[in-house]
Every structure is written in structure tokens, then in C-alpha cells.
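A.B. asks: Once you've had a glance at the structure underneath, I'll fire off some questions.
The values are calculated or read from the model by the stated rules, or taken from the named source; none is laboratory data. Bear in mind the structure is a predicted one, so any value in this text is a computation, not a measurement. Cβ atoms come from the backbone with ideal geometry, glycine included; neighbour counts cover every protein chain shown.
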Amino acid sequence: MKTKITGRVWKYGDDVNTDVIFPGKYTYSISDPKEMALHALEDLDPGFVAAVRPGDIIVAGKNWGCGSSREQAVVCLKEAGVGAIVARSFARIYFRNAINQALPIVTCDAVDGAENGDEITIDFAAGTVTTPCGTFTFPPLPAEVLEIIEDGGLIPHVRKQLGK
Amino acid sequence: MGKTFAEKVLAQKAGLKQTTAGQIVTVKPDRLLTHDNTSAIAATFRKIGVARVADPSMNVIVLDHVTPAADETYATSHQATRAFVAEQGISAFYDIGEGICHQVLPEKGHAWPGAVIVGSDSHTPTAGAFGAFAAGIGRTEAAAVMATGEIWLRVPESLRVQLREMLPSRVSAKDVSLYLIGLLRADGADYCSVEFAGEAISAMSVGERMTLTNMSAEMGAKNAVVEPDEKTFAWLAGRVSQPFTPVFADADAAYTRIIELDASTLAPQVACPHTVDNVAPVTEVAGKRVDQVVIGTCTNGRLEDLRVAAEILRGKHIAQGVRLLVLPASRENLQAALAEGVITDLIAAGATLLNPGCGPCLGAHQGCMAPGETTLSTSNRNFKGRMGSKDATIYLGSPATAAATALTGVITDPREV
């Protein structure tokens, strides 16, 4: 994992659920991550897929990813090029899914200082998110969890553990 | 200081003397529940590079989400799941028609007091109605559990809901859940273990308790639990073959919050579009016209729910222009409702009967909505686009509210029919 990333902001509100991130009607019919990416945020922000650029950062309010356990709600964003998600808080299954897919997630209030299109920088080592309106701090992830992200996600992590 | 249910059960499973909220432990779950997503999980499992699942007896697999297969893509996915089951020697496999995984899991003896269950579905906490610790996980994580037989869990903080007095007539567990979610909001129990207790809970049937634990996912809970009692043991008798020791929270356990409610003051509740925490008493939304009513799902598709609906609709007919879909949560519930005449009454009243399964709840088949349409459903989610068109709206309510609404064609207070 890079220790520092800079990206353009896509800003969203509170309680964004996994149905609007990746509609349920596709969950058992689409298995290719690239195809999943074509439906990212379809029912929340129909313009997202056409305009997202690699390394863009989602900045949101509380309880990002509530609802279903569907991991496609992480995969579709990662595959669409999203470099990180910064939210005031995350729903717990989404939080685990992001770690397991090695999509960097940051819990802090940067939503208070960033607007759509702003450039922000996440410094994972320092635990800071720098926005045009100030710097927000976040606590580091537990060592066990960080190791999974650094290994590239849960599958590479388990392979390493099992000596594969 | 005493310990909560979650702290005690996870300590026991992790082989530790005690645990405290916030601690990370590694446990070997008793059961891993997966459904139609098993084919995708199996594909991820193969990437890990082990040939066999760690413990075939841990796996419980139920095809329920899009059953029978709606098209060739779903059929191919089901086929891959059946092949995986055969290849891995998994005996607890329940094919289409058996019911919804959260209902079939306990019916077939895979949930018991003190068990630790993880499942690749957000409504896995439902099994907490039997005194189990049950939490939802993602697909990749389920593949890792298959390969290693283990999972890391953070011991959750706990929240206790104390429900004293008795619920009034036509006010049910679903109304309690909706009221609580409106109070706590969608993240009010995020990462938390929710313990339900009190007179009104003791008075509930096991099925009604399952509604409470099921809906706890909608306030962000990691798991929810009802302390097992004689009703639980009677329900489990003949289903669970192994010995178990119930785990109870200590009286002086530490809770982040204790919520006390007087059940006798509650009214029927409705969740309005497009979030489950957008809750109002039914009296405030009464009169809203609906196109479709859904009675069923893992939240409210059990015999007691179908009975309530039949009691309201017996000898009457649903309003013109309304479609009523009824889908029992399992074959067992369908058979019981058939034997009692409940299904006959509902069909005579104009209901369309669907096979046990998830049906229209996730918007993949069997009752999706067109733009501009409105459904009142007994299911657990009303998110935008959940049941078909993103320009359709979903209200959530109890089986009694749903039946009353089907009767009149507008959202109706069940105490008035």
C-alpha cells in the first residue's frame, strides 16, 4: 500500500447503502469485476461511471456501505478506479469487505472540509487527510488489519499464511 | 464487572478466560452459512489454492435468492454450487424450495444457544433468536473461512433493549423493530451486539423473536441475541442433535446503552422511502395508495405472520388494482400454513402464492416494480431500486399492516380493519 495518495473528491452524504452502490438485481448475475464497475453507484449518481478517473477518492458522511453484505459494492468502486474511501463512519461488513479487497479506507470527518472535485491527500503513515479546508486526523488501523491490506487483500494474505 | 453475551461467547470460542469489547479474537465458527453466492465464493476459494474445505460439517448452503433460477445465468450459478457441494462432500445442502437460508438454518438444526455462526449475508444475525452469536460477513471472507476454518472477530460493544409490559393487539415484533430503528437510526448499533430482553420478548414466539434479530441488521448491529428459554428449547428439540450450553449475559455486564421501552404504548410502525430508519406511526402514512403488497421474506414469512394476514383477509377480497404476493419463509412454514387452511384463505382473498425463497425482496425476480409504482412489504429493506425500478417506492410494515393495506388498497392501520 502506498503511504500517501492524492486524488480528486467525489462527495456523498450519510447512510449510503450497498443497494445504491451496486444494485441487488445484478448481485447474482454479474461476476466479472470490470462489468461490476459499469454499474457503480448507478442508483445514487448515474454520472459517476463515465466521469470517474483512476485514483479518485470518495468522501462521505456516516455509515457508508450500510445494508447488504454484498462485496461487489467494494469491488465495483475499486475496479472503477477509486483509490480510497474516506467516511465519517463505515457499516461493519463494508469495512471488512474493503479490507479484504485491499481498498484503503479511512475513518475521519474529511467530509466537513472537502467538496466535489477538490484535491485531497491521505497520508497513511501520519494518519492525516489534507483538504482545502484543513487537515483531519484518523487513528491507524490495527496491525492485524493493516497486514491484510499490505498483503493485497485477504486471499493473498491467507495464501501467505498457508504457505501457498 | 460482569460480561456481556458477546464477551462470554467469544471468550469461550477463542479458548480465553475472558474477553473485553474491542479485543480481536480468532475463532473457529460452528457454522458457515452461504446461499446463491456459494458459486462465487467457491471460485474465490479455489484461488486460495487448497483442495478441500477445512471442515465440510461447518458448511450450510441454501439456494434461496433467485429460486427457481430465473434464467440461464442463475441456472449456471446454481449448477456450480451443486457441483461444489458434491465435490467437497458437504451434507448440509438445501436446494431450491426448501426456504430462505435464515429460516432453514435453524429448522435443520444448525443454530443453537452458544453457537458461533458466520454467514455471507447481512441478515445472518437472525440466528441470534436461538441464543447464538451470528454475524454477517462478505464473500471473500467466507472463502477464507472455508479454507482455514477460522475467522478474526472484534469483540463488539453491547447494547441492551429492555421491553417491558405487553404489546397491544395487532402490534407485533416488526413494529418494535421499526420503532427501534427509527429511534437509533441506521447506524445506531453499528459494530454492536444487541441483547433483547423483557416481558414482551418472553411473551413472543420464537418466530417473532427472529423478526427482531433479523431487523437488527438495519441498525448496523454485528449480531443480536434473545436469551434462550423454555420456548427456545422446545423449538430446538428434535432439530439440534448435539449438546449445548446456553450463554447468558451477567446481570452487571457493561453496556454502551440500555434502552427501556414500554411495549404497551407502541403503535404499528411503517418505514417510509428510501431508508429503513425513516419511520412513522402507521397513522401518519395511512391513505397512501399502493400497487403491490408483499407478505413474506426472512423477516416476516413464518406461520405466525401468515396467520395474522389470513385473520384479516379471511372471507374478504383484496382491493381492486392491488397485487398481493405471499411467500412463506420455508417449506416447513408453507406446509404448516397449508395444513391450517391459512394459504387457502389467502389465495381465496386474491393472493398470488410464490415458492419459499427471497422472492422480490432483492429485486431480481418475482414481483419487481415498474417506475412510479409503490409496494408495502413485510421485508427488511426499502432502499431505492431495491425491488426493481429506482423510480419505485417501498414502505415496510408488519404482516397485519400489510394485510390491512392489501384489503383497502391504501396504507391502513391494522387496528381499524
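A.B. asks: Only one of (1) more than 25 Å from B:PHE383 (Cα to Cα); (2) surrounded by fewer than 21 Cβ atoms within 10 Å (Cβ to Cβ) is not met by B:VAL226, so which one is it?
C.D. replies: Of everything listed in (1) more than 25 Å from B:PHE383 (Cα to Cα); (2) surrounded by fewer than 21 Cβ atoms within 10 Å (Cβ to Cβ), B:VAL226 misses just condition (2).
A.B. asks: Please return the ranges of strands (runs of 3 or more DSSP E) entirely within the range B:109-166 where 2 or more residues are of a type in the set (Gly, Ala, Ser) and closer than 22 Å to A:VAL145 by Cβ.
C.D. replies: B:133-136
A.B. asks: Right, something else. Filter the range B:180-205 for residues that are within 20 Å of B:GLU218 (Cα to Cα), within 17 Å of the chain's Cα centre (by Cα) and more than 14 Å from chain A (Cβ to nearest Cβ); which is surrounded by the fewest Cβ atoms within 10 Å (Cβ to Cβ)?
C.D. replies: B:ILE201
A.B. asks: I'm checking my understanding of the structure. Among residues of the range B:363-381 that are out of contact with any Ser or Thr (no Cβ under 7 Å at 6 or more places or on another chain) and within 11 Å of chain A (Cβ to nearest Cβ), which one is farthest from B:ALA403 (Cα to Cα)?
C.D. replies: So, considering only residues that are out of contact with any Ser or Thr (no Cβ under 7 Å at 6 or more places or on another chain) and within 11 Å of chain A (Cβ to nearest Cβ), the one farthest from B:ALA403 (Cα to Cα) is B:ALA364.
A.B. asks: Of the residues that sit in the range A:4-13 and are touching a residue at least 60 places away in the same chain (Cβ under 8 Å) and in contact with a helix residue (DSSP H, G or I) (Cβ under 9 Å, 6 or more places away or on another chain), which one is farthest from the other protein chains (Cβ to nearest Cβ)?
C.D. replies: Per the stated criteria, the residue is A:VAL9.
A.B. asks: Scan the range A:24-50 residue by residue and report those that are under 17 Å from the mean Cα position of the chain (by Cα) and farther than 17 Å from B:SER39 by Cβ.
C.D. replies: Answer for the range A:24-50, where residues must be under 17 Å from the mean Cα position of the chain (by Cα) and farther than 17 Å from B:SER39 by Cβ: A:LYS34, A:ALA37, A:LEU38, A:HIS39, A:ALA40, A:LEU41, A:GLU42, A:LEU44, A:ASP45, A:PHE48, A:VAL49.
A.B. asks: Is it the case that B:THR375 is under 30 Å from B:THR265 (Cα atoms), more than 18 Å from the chain's Cα centre (by Cα) and part of a loop (DSSP other than H, G, I, E, B)?
C.D. replies: Considered against the rule, which asks whether it is under 30 Å from B:THR265 (Cα atoms), more than 18 Å from the chain's Cα centre (by Cα) and part of a loop (DSSP other than H, G, I, E, B), B:THR375 comes out as no.
A.B. asks: Filter the range B:82-100 for residues that are in a loop (DSSP other than H, G, I, E, B) and either touching a strand residue (DSSP E or B) at 6+ places or on another chain (Cβ under 8 Å) or outside the structural domain of B:ASN37 (by TED's automatic domain parsing) (or both) and give the result.
C.D. replies: Within the range B:82-100, B:ILE90, B:ALA92, B:GLU98, B:ILE100 meet the criteria.
A.B. asks: Are any residues in the range B:44-76 within 23 Å of B:PRO360 (Cβ to Cβ), facing chain A (nearest Cβ under 10 Å) and outside any helix (DSSP H, G or I), and if so, which ones?
C.D. replies: Passing the criteria: B:HIS65, B:VAL66, B:ALA69, B:ALA70, B:ASP71.
A.B. asks: B:GLY207: of a type outside the set (Asp, Glu) and at positive phi, yes or no?
C.D. replies: No; evaluated as a whole, the condition is false for this residue.
A.B. asks: Would you confirm whether any residue within the range A:42-52 is among the hydrophobic types (A, V, I, L, M, F, W, C), within 29 Å of B:LYS222 (Cβ to Cβ) and crowded, with 21+ Cβ neighbours inside 10 Å?
C.D. replies: So far as the range A:42-52 goes, no, none of its residues is among the hydrophobic types (A, V, I, L, M, F, W, C), within 29 Å of B:LYS222 (Cβ to Cβ) and crowded, with 21+ Cβ neighbours inside 10 Å.
A.B. asks: Moving to a separate point now. B:GLY238: in a loop (DSSP other than H, G, I, E, B) and free of Cβ contacts under 8 Å to residues at least 24 places away in the same chain, yes or no?
C.D. replies: Spelling it out, B:GLY238 is indeed in a loop (DSSP other than H, G, I, E, B) and free of Cβ contacts under 8 Å to residues at least 24 places away in the same chain.
A.B. asks: Give the range A:59-95 a look and list any residue that's more than 12 Å from chain B (Cβ to nearest Cβ) and at pLDDT below 95, or say none.
C.D. replies: Residues satisfying the conditions do not exist here.
A.B. asks: Among B:GLN103, B:GLN79, which is in a helix (DSSP H, G or I), in contact with a Pro (Cβ under 9 Å, 6 or more places away or on another chain) and either surrounded by fewer than 20 Cβ atoms within 10 Å (Cβ to Cβ) or in contact (Cβ under 8 Å) with a residue 12 or more places away in the chain (or both)?
C.D. replies: The match here is B:GLN103.
A.B. asks: Another one. Name the residues in the range B:207-223 that are within 12 Å of another protein chain (Cβ to nearest Cβ) and aliphatic (A, V, I, L, M), would you?
C.D. replies: B:ALA217, B:MET219, B:ALA221
A.B. asks: I want to confirm something. Restricting to the range B:116-158 and keeping residues that are touching a Lys or Arg at 6+ places or on another chain (Cβ under 7 Å) and either surrounded by fewer than 24 Cβ atoms within 10 Å (Cβ to Cβ) or under 19 Å from B:VAL240 (Cα atoms) (or both), which single residue is farthest from the other protein chains (Cβ to nearest Cβ)?
C.D. replies: It comes out as B:ALA129.
A.B. asks: So, in the range B:159-179, of the ones that are charged (D, E, K, R) and either surrounded by 24 or more Cβ atoms within 10 Å (Cβ to Cβ) or more than 30 Å from B:ALA403 (Cβ to Cβ) (or both), which residue ends up farthest from the other protein chains (Cβ to nearest Cβ)?
C.D. replies: Step one: filter the range B:159-179 for residues charged (D, E, K, R), giving B:160, B:164-165, B:170, B:174-175.
This time we only want the ones that are either surrounded by 24 or more Cβ atoms within 10 Å (Cβ to Cβ) or more than 30 Å from B:ALA403 (Cβ to Cβ) (or both), so: B:160, B:174-175.
Details: B:ARG160: 19, B:LYS174: 18, B:ASP175: 21 Å.
Here the answer is B:ASP175.
A.B. asks: Can you pull out the residues in the range A:114-164 that are aliphatic (A, V, I, L, M), more than 30 Å from B:ALA147 (Cβ to Cβ) and not in a loop (DSSP other than H, G, I, E, B)?
C.D. replies: Taking the range A:114-164 first, the residues aliphatic (A, V, I, L, M) are A:114, A:120, A:122, A:125-126, A:129, A:141, A:143, A:145-146, A:148-149, A:154-155, A:158, A:162.
Next, only the ones that are more than 30 Å from B:ALA147 (Cβ to Cβ) stay: A:114, A:120, A:122, A:125-126, A:129.
A:ILE120, A:ILE122, A:VAL129, listed by residue number.
A.B. asks: Within the group A:ASP32, A:ASP56, which residue is among the acidic types (Asp, Glu), within 14 Å of another protein chain (Cβ to nearest Cβ) and either surrounded by 20 or more Cβ atoms within 10 Å (Cβ to Cβ) or on the phi < 0 side of the Ramachandran plot (or both)? Before the answer, list the steps.
C.D. replies: Numbers: A:ASP56 fails: within 14 Å of another protein chain (Cβ to nearest Cβ).
Residue meeting the stated conditions: A:ASP32.
A.B. asks: Go through the range B:8-43 and give me each residue that's in a helix (DSSP H, G or I), over 26 Å from the mean Cα position of the chain (by Cα) and within 11 Å of chain A (Cβ to nearest Cβ).
C.D. replies: B:ALA43
A.B. asks: Select from the range B:318-346 the residues that are free of Cβ contacts under 8 Å to residues at least 40 places away in the same chain and surrounded by fewer than 15 Cβ atoms within 10 Å (Cβ to Cβ) and write down the one among them that is farthest from B:ARG239 (Cα to Cα).
C.D. replies: My answer is B:THR344.
A.B. asks: Kindly provide the set of residues from the range B:329-339 that are over 15 Å from B:ILE312 (Cβ atoms) and either in the same structural domain as B:GLY109 (by TED's automatic domain parsing) or part of a helix (DSSP H, G or I) (or both), ordered by number.
C.D. replies: B:ARG331, B:GLU332, B:ASN333, B:LEU334, B:GLN335, B:ALA336, B:LEU338, B:ALA339
A.B. asks: Then there's this: Can we say B:GLY397 is within 13 Å of chain A (Cβ to nearest Cβ), surrounded by 24 or more Cβ atoms within 10 Å (Cβ to Cβ) and touching a residue at least 60 places away in the same chain (Cβ under 8 Å)?
C.D. replies: Answer is no for this residue.
A.B. asks: Turning to a different aspect of this structure: Only residues that are in contact (Cβ under 8 Å) with a residue 24 or more places away in the chain and facing another protein chain (nearest Cβ under 7 Å): list them for the range A:14-26, please.
C.D. replies: Of everything in the range A:14-26, those that are in contact (Cβ under 8 Å) with a residue 24 or more places away in the chain and facing another protein chain (nearest Cβ under 7 Å) turn out to be A:ASP15, A:ASN17, A:ASP19, A:VAL20, A:GLY24.
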